[in-house]
Amino acid sequence: MIRASTQEARVETLWLLGTAGCHLCDALRPAAEGAARALGFRLEVVEIMDHEALLTRFETQIPVLYRPSTDQGLPGPFTLPEALAFLQAPP
């Protein structure tokens, strides 16, 4: 059996919640990607319309940098330093 390395197994995934045609979502993607890369996270861009509970919670705040492991989100607009601080803060 082949096993992923310990480091690979610990890579946490972040979601950038947005929707098609959201220009602010597109504009904030580089800040989200930079923060994820700097801290060793994996970033997925997620269509919020596909997640009813998240849509109800964050609909008026997109884009949102969402951390599923802690169920916390950083509503946009945000800067790279703000995204880094959000990800480094204790849950």
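List of remarks:
- Hey, Glu47 modelled with pLDDT of 95 or more, farther than 18 Å from Phe78 by Cβ and surrounded by 11 or more Cβ atoms within 10 Å (Cβ to Cβ) or not: yes
- Checking each residue in region 48-72 for being touching a Gly at 6+ places or on another chain (Cβ under 6 Å) and closer than 16 Å to Ala89 by Cβ picks out Val64, Tyr66.
- For the condition at pLDDT 95 or above and surrounded by fewer than 15 Cβ atoms within 10 Å (Cβ to Cβ), Gly40 qualifies.
- Only one of Gly73, Gly34 that is touching a Leu at 6+ places or on another chain (Cβ under 7 Å), small (Gly, Ala, Ser) and surrounded by fewer than 19 Cβ atoms within 10 Å (Cβ to Cβ): Gly34
The values are calculated or read from the model by the stated rules, or taken from the named source; none is laboratory data. Predicted model, so just to flag it, every value in this text is computed and none were measured. All Cβ positions, glycine included, derive from the backbone under ideal geometry; neighbour counts span all protein chains shown.
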